[in-house]
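Please treat every number below as a calculation from the coordinates, not as lab data. What you see is a predicted model, and the numbers here were worked out from it, not measured in a lab. Neighbour counts are summed over all protein chains in view; Cβ atoms, including those assigned to glycine, are modelled from backbone coordinates with ideal geometry.
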Amino acid sequence: MSGYRLTQKNRSEILRLALEDLKKRNGDLKANVVANQVIQNGANENDLVATLDHYFVRHFSRDISNVELVESNIHQPFIELQLTKAGFYDLLPEGLFFQPTQKDFAKGNQINVAEEVFNYRRDKQREKEIRKFFQPIENEIFKQEIYIEKHESELIDFFRTPQTEIWNFPASISEKDQTSFALLLPHALEINGNLALMTTALELILKEKIHIRKQKVEASHFPQPLTLGSSRLGSDMICGDVFWEESLILHYEIGPLQRHSIEDFLPGGNALTLFKTFNRFFAPLDADLEFEIMIDRDKQKATLAAGEDSILGYSTIL
């Protein structure tokens, strides 16, 4: 796209550069996307006017079939975008605009060629006037589509900016993964503690099959000799020899791995960083976490070759 925003040009020059920019585009891009880019590059939204009268050529044409610079003594110059979209005239029943007259009923099929030509030209002129009547409404709807595209672009740009640092993501997390986390964060309240939503969200982050379950509360037996005078109750001594663990324990089963290797879950690995970051935002604060990595049996064989990482006890068994 030509950078005509940065140059000090008058309005006519900006329109000329915008017109050249539009004519250079070869891909079939959506009209509202192209218009938003042109506006961001320096043109005004009122410099672009949409006309929807090429609906039936959409199958073999682009979304923008043609662009023209319209100049007149009455209006300020503007760029006309001829779109291959359905207008109100195309969507509403034809009988709403064209009704046969009493004269047409009286003549029936007895109409000569001259009258046929006259009726055709009359109907085409009426169609042109009807389309012109609806054009301001259609153009305002097109502007709303541009506003939506602008808002979506700004939202995407927001997640690509360093503003994601406000969530203190680890530096090793890629921009794509940061965006995934940022999209999930507004729903953290609903996800936190909901095992079904936590499973879906973690699968979205890791791109692996996940199963999360709560561990049952179990009793721990601590046979201990009498150590009165040398121990403190609740610190290194309990009453009796049975201790019940009341804290919530979440057990994660990850895999069988498809997109990651076991090395990614070792200390310093990218997958382990993603897993810890996920639990920092979406796991209950008082929960103890355990995770188990499931490996595909076909990948557990020891392979001694360049480029193959086989770690006995982790990714390889004998």
(request) Rank the residues L52, L250 as a footprinting-exposure proxy: fewest other Cβ atoms within 10 Å of their Cβ go first. (result) L250, L52
(request) Please find the FRET efficiency linking L29 to M294, where r is the Cβ-Cβ separation and R0 is fixed at 35 Å, and quote it to the nearest 0.05. (result) 0.20
(message) For a protection proxy built on the mean count of beta-carbon atoms within 10 angstrom, sort 282-291, 17-26, 111-120, 33-42 highest first, please.
(response) 33-42, 17-26, 282-291, 111-120
(request) Give, in nm to one decimal, the length gained when the segment between Y147 and F98 is fully stretched (0.36 nm per residue of separation minus the Cα-Cα distance). (result) 14.1 nm
(request) Enumerate the calculated ³J(HN,Hα) couplings along the stretch 199-211 in order (Karplus 6.51 cos²θ - 1.76 cosθ + 1.60, θ = phi - 60°), each rounded to whole Hz, writing x wherever the residue is Gly or Pro. (result) 4, 4, 5, 5, 5, 5, 6, 8, 6, 10, 6, 10, 9
(message) I want to make sure I understand the PRE zone here: with the label point 7 angstrom from the Cα of D90 toward its beta carbon, which residues in the stretch 122-161 have backbone N atoms less than 18 Å away?
(response) 124, 127-146
(request) Could you give me the percent of Cα pairs per 5 Å distance bin for the stretch 28-70, shortest bin first, beginning at zero and ending with the bin that holds the maximum distance? (result) 5, 20, 29, 26, 13, 6, 1
(request) Could you list which residues have their amide H under 5 Å from that of D288, counting only those 5 or more apart in sequence or on another chain, with H placed in the peptide plane? (result) L248, I249, L250
(message) For K276, K85, K143, which order do you get if you count the other beta carbons within 10 Å of each Cβ and list the fewest first?
(response) K276, K143, K85
(request) Grab the beta carbon distance between K209 and T179, set R0 = 25 Å, and tell me the FRET efficiency rounded to 0.05. (result) 0.65
(request) Compute the FRET efficiency between S61 and K128 as 1/(1 + (r/R0)^6), taking r as their Cβ-Cβ distance and R0 = 22 Å, and round to the nearest 0.05. (result) 0.60
